[in-house]
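Colleague: Input: one structure, supplied below.
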Amino acid sequence: QTAIKIGVLNDRSGTYADLSGEGSVVAARMAVEDFGAADKGIDVEIVSADHQNKPDVASNIARQWYDQDGVDVIVDVPTSSAALAVNEINREKGKIFLNSGAASTDLTGTACAPGTIHWTYDTYALANGTGKAMVDAGYKDWFFLTADYAFGHSLEENTTKVVTESGGTVVGSVRHPFPGTDFSSFLLQAQSSGADVIGLANAGGDTVNSIKQASEFGITQSGQALAGLLIFITDVHALGLETAQGLVLTEAFYWDLNDDTRAWSERFSAEMGGSKPTMVHAGVYSSVLHYLNAVEATGGKDTEALMAWMKENPSEDPVMGTGTVRADGRHMHDMYLFQVKTPAESTGPWDYYKLLATIPAEEAFRPLEEGGCPLVE
Amino acid sequence: MSSLANGTDDIILSAKALTKRFAGFIAVNGVDLNVRRGSIHALIGPNGAGKTTCFNLLTKFLQPTSGAIRFNGRDITALAPAAITRLGIVRSFQISAVFPRLTVLENVRIALQRRRGDSFDFWRPQRVLSAYDEEALSRIEEVGLTPFANAAAGELPYGRKRALEIATTLALEPEMLLLDEPMAGMAQEDVARVSALIRRISANRTILMVEHNLSVVADLSDRITVLARGEVLAEGSYGEVSKDQRVVEAYIGAGHE
Amino acid sequence: MFELLGIPPQALFGQLLLGLINGSFYALLSLGLAVIFGLLNIINFSHGAQYMMGAFVAWMLMTYAGINYWWALLLVPIIVGASGVVIERLMISRLYHLDHLYGLLLTFGLALIIQGLFRNRFGVSGLPYAIPAELTGAQNLGFMFLPNYRGWVVVASVVVCFGTWFAIERTRLGACLRAATENPTLVGAFGINVPRMITLTYGFGVGLAAFAGVLAAPIYSVNPNMGADLIIVVFAVVVIGGMGSILGAIVTGFGLGIVEGLTKVFYPEGSAVVIFVIMALVLLVKPAGLFGRTA
Amino acid sequence: MTSDTQTHYESAAEALPIGTPRHHVVIFGVLLAFLIVAPLVLYPVFLMKVLCFALFASALNLLLGFGGLLSFGHAAFFGSASYVSAHAAKVWGLTPELAILAGTAAAAVLGLVIGALAIRRQGIYFAMVTLAFAQMVFFFALQAPFTGGEDGIQAVPRGHLFGLLNLASDMTLYFVVVAIVFGGLLAIYRIIHSPFGQVLKAIRDNEPRAVSLGYKVNRYKLAVFVMSATLAGLAGATKALVFQLASLTDVYWTMSGEVVLMTLIGGMGTIFGPLVGATVIVAMQNYFAGLGAWVTILQGIIFVVSVLLFREGIVGVVARWIKKPL
Amino acid sequence: MSEAMAMTEPATAPFLSVRDLEGWYDESHVLHGVDFDVNAGEVVTLLGRNGAGKTTTLRAIMGTLAKRRGSVRFNGRELIDLPPRAIARAGIAFCPEERGIFSSLSVEENLMLPPTVSQGGLSREDVLAMFPNLKERLSSQGTKLSGGEQQMLAIARILRTGAKFLLLDEPTEGLAPVIVQQIGRTLSELKSRGFTIVLVEQNFRFAASIADRHYVVEQGRVIDMIPNEELEANIGKLHAYLGV
Ligand SMILES: Nc1ncnc2c1ncn2[C@@H]1O[C@H](COP(=O)(O)OP(=O)(O)OP(=O)(O)O)[C@@H](O)[C@H]1O
Ligand SMILES: Nc1ncnc2c1ncn2[C@@H]1O[C@H](COP(=O)(O)OP(=O)(O)OP(=O)(O)O)[C@@H](O)[C@H]1O
Ligand SMILES: [Mg+2]
Ligand SMILES: [Mg+2]
């Protein structure tokens, strides 16, 4: 009889509450059910908390969970700063951290840790997917609208690299204050640069507002394309197709990919008042399932043994398909390039994407040797 | 104006053509004032005549629009209020000015502390201040507040607050005291007591005061300047000014004779 | 093509115009603060939250009652203003005899409550509010593409600001208000109900914030945090303009919008701080602000 | 009043050599004893958080309760000290005591600059000006190259105290924090009860009168502002080491509001109020964390209720009951 | 007995009756029980030295003194607990010592500020005819007027309201004699139009020219009442009271 305590730590009241939040708890619970924990004599308890997207709150909760509440594994944790903070606590306490929500490649790069797996996506994969696909489609000249802080800078940097490597050029960029409300001035600068595509190296509300205002100023109508470098289906849902149509983006999951994803999403929706799961929810499900398999296989909670098992054995589930966990903690799986449908193409709510391409795992993620993860040497 | 002939070296404080203009309004207009050392000089006049404004100018709480102020022969027109105090001119306010949440003793000690110059010592315990207690208590005694030494100043009745204010002021050992309506709001018995106190402390000091209570003015002052509408209307002893017809009209009240 | 400071002049005009649009919001919000401060001597920290309420109530009217933008523009300031009236009667009116700092603390607490409630109910991802059909589309001004709605924002804000200025500086009601700021006791002794006037003034100031909120709803996402960060900037605008000065609030609001717009072109990284830097400079030179009277 | 005369005098005679009131000594003693046994029962990291905020709130109270100046931008000092000490410990590899010192010094310098500008205005103006300056510091923290943007500075090593004592253990660190915070509180107590503190109280009570007694009040205000900033910095620097993290939360304006709230509900101008206030608020945030946005609402309600009904704060009310200053 | 008093003979109670009026500024106790009556149509003065409490008495009647106690009955109605605006609406108008001209208002706005409280007030034209000086200055800023003009404006603006009971605090203070005479004529005219006036005056020569009765205030109490016709006889006593 093993007792496992899973801590779902994410944003339950802020910008990322819709794309992670309660949905991640539901996804984790579904994983526990599908695994059949009760039948296998494994007693699983799920706790959750709101980190308010603040690294200090996140690290506080993580510390307390490990020190006081006997949590064995922390999952989800959107917002890079919060994820990095939890990563450090996790390293110190020698526990397991299955990140699904955060974007920072540092989790599998310079900050990689023996107990951390970065499951769903990262800035490299997004920049790479979207950047390369756009250049290949003929959008060669780029202008970046970048949130002026570390995350925005790194997103811009990653994309710039991909764009130039694929034969495009970057004609300019402008850094906007974070968080911002009015982007019209920056959009106008982007417009007068004559670029083919405006790369939005920002996130959350900033991205939503940029897209909204780009449509208001007729930027998309006048032929410039927008590339959302970090955008989720919930953002598209908030924007509405009228505004978001044509946007190209990269995701690790879409509910309407195949029968399995549709069936799973159906169950998820039933519990979440009709909203469809995001890739973060899918990642939480997939990672918890893999973890529970490891617990069953190793028959205990030893971090080293569990991590070894998870890295040796492929992950396999109906939601994210097959994947492997790399030495640096990167979970490798296919990514997908989507374009947002026009209102005419869409058949109803949540029917938002058409699939442009599937990006194989090896191409999607940063090569192991480029990350500089100390675990790899 | 015969008294001016007594020689200017006796003048401790003088103002020449003092003028204060507020946006579009002249509150004090070309006032010349000479206060003789060791005298009690009263400034009287109708409400709004500019008495308080004059006080504010002399103590530099307001910057004069024009004019010059000299104290002990030195031009002090450009000094800051705190510097004026350090030179030895200390004022009281028309509305009672004590530190309400400090005790009577502490009120007086604040003044002593300034004089002794340890008021920036934030690392030393308050205990060092007990060195001042003796002197403070003697000041308190002077104004008859000994029974209240440890009471919070804010809880004192009005007249006693005025007394405390005077004790605090005296603790600075000023050469010159400016009192703005020291009797205002005082009960009759307090008036007598404070009058006596003022007379007592005037022994080796100069006092300039604003007062509406004419019997106090008559009783105490050596010399009176009457202000009206920002200008000097008359100057002289009580006997002189009270007979001045303009003063009677503007201030004391006409209707008699 | 000749350039001005390295920027083509058309682009510069465009940026100036955009600055003016942002300035419209600053002006409306700082005007509300100035009106409230002028009469109540209260720094209304919940002004940002009330601006946000304006946007939300417009959204709710649209979503739950099908009331369109134009009616919202009229109704929302009244509804939110009424909530301000209740707040003034129940809470703020108890603080007038106290240090003004308590007003600041109270309204700070109110801001937390209001924002928290909306965050709980609506989340923070933002809600969509469409630009009214009459104002979609844009004008090609040659040097830029001006969305009709943005043009309308400037017009509406100028009209409301001017109207408020006129009402306060040129009408009998305004005369009562001005008189009451100078000497409320005497105005009361003339038989004028000063407390009621104060209450309504607060309601009006809050209504101005709500009006700005409705104006903002179609262009910025309707979101519980939309006022929280803006309000700090608006405080700086009010300090620069001189607390309580109606004209100061309006002129500084528009002016700083333009200055900020130019910074976005020449030094975008600095655009978030430029107003605070100006504030520091103004305080050094004129502690009472550009239009303020020294106490 | 006259009937009280005699009693006043007698108590006066008794209390004349002013020393530390006995009940203050007792309270400090009990507090210290409690802090020593507390980690046996309570989670030491939680206790350390309470302690850091208690010091922060006491520093604010020094300015607000005893200097009469409401700063709405104290997060600037707390936060910048936390960044500097985190940077010093992580990048420069300084020992913890030096890192804390560096952070504290940075806060002091910042306090001098902001204070010199802010004390030119009073009342609400002062509050708004400090708020605006704090906002500038916030933007700096967001964009400066060494602050890590919104990631903050993470994985700050706790290091070895004086190069000897390993602080990795929460227990060891706890006692170091107790020493720092208790020292800070005693320093504040001393400042309040020093000749300087007396003048400060006088200025708060009646500024024009203090001027008329010849005090250059702006120097005192600036001095207390800098002291308060420095102590807030000490709290921030210590917090950075405890949580091994310096982040934007520490410099954001809500932090300034939170610390005002702690002071307000504990009791402005009381010595022990900020401790109680910090304990209440930190405990609330900790135990109600699951309530999400309700925590903010609850804080807002506490703000409103304390402004309307309990302006004296918890300790203020107790002090009135027992008729002794606390 | 004056004509005015004879006119009000049917009314048993005086128009205004003040009893045991006490008043404080913060903690300083200024009024210690003021008692006096005013009959309809009368002009009554309050005389007394500076600081005797005359202004404070008017403020206490008007309700603008925050802390007050006792009884003020006006037209059969108790006013002591009413707020100033209700007292104004009851028909009492107040012209303060400091005049209270609003600097941010023009002369016209100042004039039109007080609302009408009952029928029968002077029309704007009547008022301007009474004070021709004001007519030329209607658009200037209120406080740009000379002291005398400000005083006229202060009186003028309360005549419009329809209140028939006026409290005038030192309307001649600081004014040139010509203006004092003019104000004297105005007050007489108002009296003839049936206004009742309580006048606080330092200048009792002026007071004697228009008043029916004089109350002497000292230390926050009314210590004596002298009918105007007995003034000559009591001049010595009065001088003693006023300390001249
Ligand atoms: N700060 C100011 N701004 C504008 N006018 C002022 C200011 N201070 C005073 N005054 C005006 O200057 C004149 C003189 O005022 P001051 O206070 O000196 O009179 P005072 O003689 O002391 O009167 P009182 O006997 O009533 O105290 C008054 O008319 C007053 O209104
Ligand atoms: N605002 C105030 N605060 C405190 N005390 C005041 C205030 N106004 C007046 N006093 C005091 O109350 C007492 C009575 O003042 P009041 O103004 O009623 O006198 P008055 O008879 O009208 O004198 P005056 O002839 O100078 O106008 C005086 O001692 C005065 O100093
Ligand atoms: Mg005066
Ligand atoms: Mg008077």
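Colleague: Helices (runs of 4 or more DSSP H) wholly in region D:119-238 with at least 3 residues that are closer than 30 Å to residue A:80 by Cα - which ones?
Modeller: D:123-143, D:170-192
Residue-by-condition table, conditions (1) touching a Pro at 6+ places or on another chain (Cβ under 9 Å); (2) in a strand (DSSP E or B); (3) surrounded by fewer than 14 Cβ atoms within 10 Å (Cβ to Cβ):
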| residue | (1), (2), (3) |
| --- | --- |
| A:307 | yes, no, no |
| A:324 | yes, yes, no |
| A:336 | no, yes, no |
| A:343 | no, no, yes |
| A:349 | no, no, yes |
| A:356 | no, yes, no |
| A:373 | no, no, no |
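Colleague: Checking the structure you have, find out if any residue of region C:279-286 is more than 19 Å from the chain's Cα centre (by Cα), modelled with pLDDT of 85 or more and surrounded by 20 or more Cβ atoms within 10 Å (Cβ to Cβ).
Modeller: The answer is yes, given that some residue of region C:279-286 is more than 19 Å from the chain's Cα centre (by Cα), modelled with pLDDT of 85 or more and surrounded by 20 or more Cβ atoms within 10 Å (Cβ to Cβ).
Colleague: Can you name the helices (runs of 4 or more DSSP H) wholly within region D:242-326 that have at least 3 residues being within 14 Å of chain C (Cβ to nearest Cβ)?
Modeller: Ranges flagged: D:253-266, D:273-287, D:294-308.
Colleague: Any residue in region C:123-137 that is of a type in the set (Gly, Ala, Ser) and under 25 Å from residue C:250 (Cβ atoms)?
Modeller: no
Colleague: Of all residues in region B:21-50, how many are within 12 Å of another protein chain (Cβ to nearest Cβ), open to solvent by 10 Å² or more (accessible area, probe 1.4 Å) and either more than 13 Å from ligand 1 (Cβ to nearest atom) or out of contact with any helix residue (DSSP H, G or I) (no Cβ under 8 Å at 6 or more places or on another chain) (or both)?
Modeller: Total meeting the criteria: 5.
Colleague: Is there a residue in region A:77-92 that is among the acidic types (Asp, Glu), open to solvent by 10 Å² or more (accessible area, probe 1.4 Å) and under 19 Å from residue A:113 (Cα atoms)?
Modeller: Yes: one or more hits.
Colleague: Quick one: count up the residues across region C:181-201 that are within 24 Å of residue C:252 (Cβ to Cβ) and either assigned to a loop (DSSP other than H, G, I, E, B) or at the interface with chain E (Cβ under 10 Å from one of its Cβ atoms) (or both).
Modeller: 2
Colleague: Now for a different question. When the residues of region D:122-154 are narrowed to those that are surrounded by fewer than 20 Cβ atoms within 10 Å (Cβ to Cβ) and either in contact with a helix residue (DSSP H, G or I) (Cβ under 6 Å, 6 or more places away or on another chain) or of a type in the set (Gly, Ala, Ser) (or both), which ends up modelled with the highest pLDDT?
Modeller: Result: D:146.
Colleague: Among the residues of region A:290-305, which ones are part of a helix (DSSP H, G or I) and open to solvent by 20 Å² or more (accessible area, probe 1.4 Å)?
Modeller: If the condition is that a residue be part of a helix (DSSP H, G or I) and open to solvent by 20 Å² or more (accessible area, probe 1.4 Å), then A:293, A:296, A:297, A:298, A:303, A:304, A:305 are the ones that fit.
Colleague: Do any residues in region E:217-237 that are more than 18 Å from residue E:37 (Cα to Cα) have Cβ atoms under 6 Å from those of residues that are of a type in the set (A, V, I, L, M), where the two are at least six apart or on different chains, and which pairs are they?
Modeller: E:231/E:208; E:234/E:226
Colleague: For region B:86-108, indicate whether the set of residues that are of a type in the set (Phe, Trp, Tyr), open to solvent by less than 10 Å² (accessible area, probe 1.4 Å) and under 24 Å from residue B:232 (Cα atoms) is non-empty.
Modeller: Checking region B:86-108: not a single residue is of a type in the set (Phe, Trp, Tyr), open to solvent by less than 10 Å² (accessible area, probe 1.4 Å) and under 24 Å from residue B:232 (Cα atoms).
Colleague: Within region B:120-137, is even one residue more than 7 Å from chain D (Cβ to nearest Cβ) and open to solvent by less than 20 Å² (accessible area, probe 1.4 Å)?
Modeller: Yes, the conditions are met somewhere in region B:120-137.
Colleague: Sticking with this one: What number of residues in region A:150-161 are more than 17 Å from residue A:134 (Cβ to Cβ) and open to solvent by less than 10 Å² (accessible area, probe 1.4 Å)?
Modeller: Of the residues in region A:150-161, 1 are more than 17 Å from residue A:134 (Cβ to Cβ) and open to solvent by less than 10 Å² (accessible area, probe 1.4 Å).
Colleague: Sticking with this structure for a sec: Given B:202, B:195, which one is in contact (Cβ under 8 Å) with a residue 60 or more places away in the chain and in a helix (DSSP H, G or I)?
Modeller: B:202
Colleague: Sort through C:120, C:183, C:193, C:140 and tell me the only one that's touching a helix residue (DSSP H, G or I) at 6+ places or on another chain (Cβ under 6 Å), on the phi < 0 side of the Ramachandran plot and open to solvent by 10 Å² or more (accessible area, probe 1.4 Å).
Modeller: Unique residue meeting the criteria: C:193.
Colleague: Sticking with this one: Go through region A:139-229 and tell me which helices (runs of 4 or more DSSP H), entirely inside it, have 1 or more residues that are closer than 20 Å to residue A:103 by Cβ and away from chain D (no Cβ under 14 Å).
Modeller: Correct list: A:150-165, A:204-216.
Colleague: Here are B:82, B:78: which of them is small (Gly, Ala, Ser), open to solvent by less than 20 Å² (accessible area, probe 1.4 Å), outside the structural domain of residue B:112 (by TED's automatic domain parsing) and away from ligand 2 (no atom under 16 Å from the Cβ)?
Modeller: Of B:82, B:78, the one residue that is small (Gly, Ala, Ser), open to solvent by less than 20 Å² (accessible area, probe 1.4 Å), outside the structural domain of residue B:112 (by TED's automatic domain parsing) and away from ligand 2 (no atom under 16 Å from the Cβ) is B:82.
Colleague: Can you run down the residue pairs with Cβ atoms below 7 Å, 6 or more apart or on separate chains, where the first is in region C:236-253 and within 20 Å of residue D:120 (Cα to Cα) and the partner is of a type in the set (Phe, Trp, Tyr)?
Modeller: Qualifying pairs under 7 Å: C:236/C:276; C:237/C:26; C:241/C:291; C:242/C:291; C:243/C:37; C:243/D:125; C:244/C:37; C:245/C:291.
Colleague: In addition: Criterion first (charged (D, E, K, R) and within 16 Å of ligand 2 (Cβ to nearest atom)) does residue B:51 satisfy it?
Modeller: Taking the combined requirement at face value, the residue satisfies it.
Colleague: In addition: Going residue by residue through region E:77-92, is there one that turns out to be part of a strand (DSSP E or B) and either crowded, with 21+ Cβ neighbours inside 10 Å or within 16 Å of ligand 1 (Cβ to nearest atom) (or both)?
Modeller: Yes.
Colleague: So, one more: Among the numbered conditions (1) buried (at least 24 other Cβ atoms within 10 Å of the Cβ); (2) under 30 Å from residue A:309 (Cα atoms), tell me where residue A:228 comes up short.
Modeller: Status for residue A:228: all satisfied but (2).
Colleague: Still on this model: Looking at region B:51-75 only, could you name the residues that are open to solvent by 20 Å² or more (accessible area, probe 1.4 Å), of a type in the set (A, V, I, L, M) and away from ligand 1 (no atom under 12 Å from the Cβ)?
Modeller: Result: B:68, single match.
Colleague: Also: Looking at region C:62-101, which of its residues are in a loop (DSSP other than H, G, I, E, B) and hydrophobic (A, V, I, L, M, F, W, C)?
Modeller: C:67, C:91, C:98
Colleague: Something else about it: Anything in region E:39-71 that is closer than 15 Å to residue E:19 by Cβ and either within 11 Å of ligand 2 (Cβ to nearest atom) or away from every other protein chain (no Cβ under 14 Å) (or both)? List them, or say none.
Modeller: Within region E:39-71, E:57, E:60, E:69, E:70, E:71 qualify.
Colleague: Would you pick out the residues in region E:28-38 that are within 14 Å of another protein chain (Cβ to nearest Cβ), within 16 Å of ligand 4 (Cβ to nearest atom) and modelled with pLDDT of 90 or more?
Modeller: E:31
Colleague: Look through region B:207-236, keep the residues that are part of a helix (DSSP H, G or I) and within 15 Å of ligand 1 (Cβ to nearest atom), and return whichever of them is nearest to residue B:10 (Cα to Cα).
Modeller: B:217
Colleague: For residues in region E:198-243 being basic (Lys, Arg) and modelled with pLDDT of 90 or more, which is surrounded by the most Cβ atoms within 10 Å (Cβ to Cβ)?
Modeller: This residue is E:213.
The values are calculated or read from the model by the stated rules, or taken from the named source; none is laboratory data. This structure is a prediction, so every number in the text was calculated from the model and none was measured. Don't worry about glycine lacking a Cβ; one is built from the backbone with ideal geometry, like all the others, and counts go over all protein chains shown. Just so you know, the surface numbers come from the protein's heavy atoms only, side chains and all, with ligands and any DNA or RNA stripped out. Shrake-Rupley method; radii C 1.70, N 1.55, O 1.52, S 1.80 Å.
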